[in-house]
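First the structure, in the form of structure tokens, and then the observations on it.
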Amino acid sequence: MSFSHLGLSDKVLAAVAAAGYQTPTPIQDQAIPHVLARRDVLGIAQTGTGKTAAFVLPMLTMLEQGRARARMPRTLILEPTRELAAQVEESFSKYGVNHKLNLARIIGGVSYDDQDAKLTRGVDVLIATPGRLLDHFERGRLLLTGIEILVIDEADRMLDMGFIPDIEKICKLVPFTRQTLFFSATMPPEIQRLTETFLHNPVRVEVSRPATTVASTTQVLVPSAAAPEKKREVLRKLIRSAAGLKNGIIFCNRKTEVAKLHRSLVRHGFSAIALHGDMDQRARTTALDAFRNNEVTLLVASDVAARGLDIPDVSHIFNFDVPHHAEDYVHRIGRTGRAGRSGTAIMIASSADSRAIAAIEKLIGQKIPWQGGDHAAAEAPTERHEPPRAPRERHAPRERHAPRERPAPPAAATSPHPVVSPRGNNEPRQAPSERPNAHLPAFILRPARLKAT
Ligand code: AMP
């Protein structure tokens with residue numbers, strides 16, 4: 001099957017050939033003819049499936065007719081993050097080499113003036129994050145009544161980031177008659193409701209079961225104690241021993257942990273850079289470019305900052321933290337094993353993570369093996385200094401799956417120097433830092449000396 005039967009224009013077909021693509025991916029194959037027929041499309045697909053080209057290629061074909069007017073963009077693409085907006089713009093430039101279209105990217109964190117100037121010139125394709133788009137609209141710099149096609153990309157991430165009210169507002173500002181293309185990797189109830197309200201008789205295109213992981217990615221769990229310094233130690237060993245490590249993304253749950261881990265890795269001589277939401281746009285772009293150009297090997301990132309980034313050929317994903325939302329796991333490991341390449345996804349887990357891991361396994365429909373086999377997890381000691389506990393509600397507010405029983409992970413099973421029991425049996429002894437009361441300051445454990453009176 002080739003691109004030629006999809007109904008794309010000659011200019012677009014030439015650009016696709018120049019990009020080196022020979023066959024459409026399943027989402028492109030299924031969605032493009034419907035987009036060209038002006039149907040609303042509900043695409044359930046994760047990044048890495050070729051979904052960007054699934055909307056960009058037919059949009060380019062349709063935009064060949066008509067012209068843009070000042071302050072009245074013809075098409076609007078909503079993206080949850082600045083990086084994704086930048087990526088979509090790059091796709092338009094790449095696939096639109098044979099077109100003379102005006103593109104504008106309206107994102108937060110940069111000056112309004114340049115964006116204003118672009119809007120005034122007339123825009124064929126407006127790529128925006130919801131907040132900044134509404135800012136421009138409310139300042140009267142923008143009319144949305146000329147929108148012919150509205151694309152809502154990564155809708156489930158919009159939900160996670162609290163953008164749904166903004167999306168609803170924008171959907172009401174664009175003409176009722178526009179065509180809507182809606183993409184989401186998963187379909188939680190809030191997203192389902194949104195599609196029922198704003199899509200008209202959509203064609204549903206689902207390229208894989210929601211939230212499935214890529215088969216070419218090897219997944220593994222690595223046990224660790226829960227303390228961040230212990231996890232950092234485990235991570236360093238993993239990086240040093242990772243087979244075929246070309247480059248890797250390390251995911252943390254919190255921005256503060258991203259910054260801390262990045263500093264620690266650099267201190268230990270690793271080539272690493274950080275990417276998190278508190279960095280300004282210039283720093284984020286610099287970090288991303290350095291990683292893309294292989295100037296650094298490791299990118300330490302938070303979910304929001306790294307969502308949907310198109311970084312081809314990442315060999316390893318390290319989950320420093322088990323994500324709070326099971327869906328995030330799917331998005332994280334979707335950064336590797338792309339376009340038929342093989343990848344490795346390693347997740348560091350402590351006994352406190354068992355419920356979150358069960359939720360992930362339920363979502364992806366498979367068990368993630370422990371490094372060294374499940375018997376390693378079953379036989380190894382539990383962390384006595386931090387008894388297993390259910391994660392607090394705020395850790396997993398959207399997971400309502402019943403936790404599956406599984407053995408708690410060992411604390412020190414990854415140590416290259418196994419600690420031998422003094423009793424001479426096979427039961428491993430706890431490393432000093434894993435001993436009972438290790439979390440208490442030493443002076444509290446010191447026997448009290450009573451002064452003779
Ligand atoms: P996306 O899912 O849109 O993030 O795309 C993932 C990657 O696949 C991007 O690097 C695209 O350049 C690439 N890609 C998209 N369509 C094709 C295709 N038909 N053949 C080969 N690569 C593609």
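Points to keep in mind about this one:
- Of all residues in region 170-189, those that are surrounded by 14 or more Cβ atoms within 10 Å (Cβ to Cβ) and in a helix (DSSP H, G or I) total 3.
- Meets criteria (farther than 29 Å from ALA287 by Cα, among the polar types (S, T, N, Q), assigned to a loop (DSSP other than H, G, I, E, B) and within 12 Å of the ligand (Cβ to nearest atom)) for THR49: no
- Hits in region 1-35 - residues which are within 10 Å of the ligand (Cβ to nearest atom) and of a type in the set (Val, Ile, Thr): VAL16, THR23, THR25, ILE27
- From the list GLY146, GLY122, GLY140, the lone residue that is surrounded by 15 or more Cβ atoms within 10 Å (Cβ to Cβ), among the small types (Gly, Ala, Ser) and free of Cβ contacts under 8 Å to residues at least 60 places away in the same chain is GLY122.
- Matching residues in region 52-92 - criterion: being within 11 Å of LEU103 (Cβ to Cβ), among the small types (Gly, Ala, Ser) and assigned to a loop (DSSP other than H, G, I, E, B): ALA68
- Only one entry of ARG105, ARG74, ARG69, ARG38 meets the criterion of being modelled with pLDDT under 95 and either more than 13 Å from the ligand (Cβ to nearest atom) or in the same structural domain as HIS136 (by TED's automatic domain parsing) (or both), and that entry is ARG69.
- Scanning region 63-80 for residues that are of a type in the set (A, V, I, L, M) and surrounded by 20 or more Cβ atoms within 10 Å (Cβ to Cβ) gives LEU63, ALA68, LEU76, ILE77, LEU78.
- Complete set of residues in region 158-168 that are under 23 Å from MET59 (Cα atoms) and open to solvent by 10 Å² or more (accessible area, probe 1.4 Å): GLU168
The values are calculated or read from the model by the stated rules, or taken from the named source; none is laboratory data. Since the model is a prediction, treat every value here as computed from it, not as a measurement. All Cβ positions, even for glycine, are placed from backbone atoms using ideal geometry, and neighbour counts span all protein chains on display. Accessible surface is based on the protein model in full, side chains and every heavy atom, while ligands, DNA and RNA are left aside. Shrake-Rupley method; radii C 1.70, N 1.55, O 1.52, S 1.80 Å.
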